[in-house]
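To start, the structure itself, in structure tokens.
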Amino acid sequence: MNIQTERCQLTEVTLEDFDDVKLLYLNEDVRKYLGGVIEEASFQKSFHHILHQDTIAYYWVVREKETSMFIGCVSLDTHHDGASTEVSYQFLPQWWGEGYAKEVVGEVIEYAFKELRLTELVAETQLANIPSCRLLERLGMKVRENVTRYGAEQAIYYIQSEYESS
């Protein structure tokens, strides 16, 4: 399933996206609050997992519509709690601060509620990642709880659907 926003095209991750997605996992700025840069072998396993899900999950590559330049990735997948659906995102630093994350993540949240008929989503980010916390709050998400995971304090945000389930 592909998704369009005003400035972006989201397409399901394919093998052809390997090199672009790898840019995220090897970027120190992107990985600062995500446990650090990932080794090549670990990335290959992660990418294989993205391509061959054993659960219901959605992984999209985000590209700018006009140029087809790679911006980042966004996903809907099972959260660490094993029950909730989590919206996650990673964008290359040159795209930060331009509203792309808000545009894309907002559209994915709407897709999850309107098309997938989910009633709630969560997102997890380090409390130290202030720009990510602000983004989630601008999207209407609220903090449910704080947990310590990966050696850092994390905020678990949530948002509930405003759409009638029918």
Looking at (1) of a type outside the set (Phe, Trp, Tyr); (2) under 15 Å from the mean Cα position of the chain (by Cα); (3) assigned to a helix (DSSP H, G or I); (4) surrounded by fewer than 18 Cβ atoms within 10 Å (Cβ to Cβ), find the lone condition where Gln94 falls short.
(2)
Take the residues of the range 26-62 that are in contact (Cβ under 8 Å) with a residue 40 or more places away in the chain and in a helix (DSSP H, G or I): which is nearest to the chain's Cα centre (by Cα)?
Val30
Can you report the number of residues in the range 51-66 which are β-branched (Val, Ile, Thr) and either closer than 17 Å to Gly99 by Cα or touching a helix residue (DSSP H, G or I) at 6+ places or on another chain (Cβ under 8 Å) (or both)?
2
What is the number of the single condition among (1) under 24 Å from Met1 (Cα atoms); (2) under 16 Å from the mean Cα position of the chain (by Cα) that Glu66 does not meet?
(2)
Filter result for the condition that a residue is touching a residue at least 40 places away in the same chain (Cβ under 8 Å), polar (S, T, N, Q) and crowded, with 19+ Cβ neighbours inside 10 Å, over Thr125, Thr119:
Thr125
Has the range 131-143 got any residue that is surrounded by 18 or more Cβ atoms within 10 Å (Cβ to Cβ), among the small types (Gly, Ala, Ser) and not in a loop (DSSP other than H, G, I, E, B)?
yes
Please go through (1) loosely packed, with under 13 Cβ neighbours inside 10 Å; (2) on the phi < 0 side of the Ramachandran plot; (3) modelled with pLDDT under 90 for Asp19 and return the number of the only condition it doesn't satisfy.
(3)
Taking Tyr157 as the residue in question, decide whether it is assigned to a strand (DSSP E or B) and among the hydroxyl-bearing types (Ser, Thr, Tyr).
yes
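The values are calculated or read from the model by the stated rules, or taken from the named source; none is laboratory data. Here the structure is a predicted model, which means the values were calculated and not measured. Here the Cβ is made from the backbone with ideal geometry for all residues, glycine too, and neighbour counts use every protein chain on show.
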